[in-house]
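The values are calculated or read from the model by the stated rules, or taken from the named source; none is laboratory data. Just so you know, these numbers come straight off a predicted model, no measurement behind them. Cβ sites come from the backbone with ideal geometry, for glycine too, and all protein chains shown count toward neighbours.
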Amino acid sequence: MKQPGVPNAATCEVYGLNATTLTHDAIMERIRAAIRSMKGAGLSDGEIGEGTALWPTGDPDQASLGFDSLDFLELVVRLEDLYGWSLPEDLIDASRFQTVGDLAAVAQAVLGGDMLVEETGVNAASAGHGAS
């Protein structure tokens, strides 16, 4: 059964889209890449793990990116711009997210489980057929 917000094969063909499987690990890699482009390419996977806090925690043993709410919004916009993701505004409340893994889990749920539509020509969202 087709998941809501994920175009079927015929729609993908019409709009020049390529539906590909995107695992949780692949979502994490894309989030890591976006964070590296914001914070510096020198960050390792270990520094941007599932449990890495987005916000300063005050705990010296807790890895943190030290984001503020504007950094978080910049990250979401960057993910949307780089990968064509469409994350609903009502879900993008910084207070919902504590870790990088929280963001990855929500992105995976919003993107239709393990499916993501990648653009190969036309902007799927503007055509009304984007993953949302």
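Here is a yes/no grid of residues against (1) under 16 Å from the mean Cα position of the chain (by Cα); (2) exposed (fewer than 13 other Cβ atoms within 10 Å of the Cβ):
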residue: E47; (1), (2): no, no
residue: P56; (1), (2): no, yes
residue: P60; (1), (2): no, yes
residue: G66; (1), (2): no, yes
residue: L73; (1), (2): yes, no
residue: V76; (1), (2): yes, no
residue: Y83; (1), (2): yes, no
residue: P88; (1), (2): yes, yes
residue: D93; (1), (2): yes, yes
Which listed residue is in a loop (DSSP other than H, G, I, E, B) and at pLDDT 85 or above, from E50, E29, E80, E74
E50
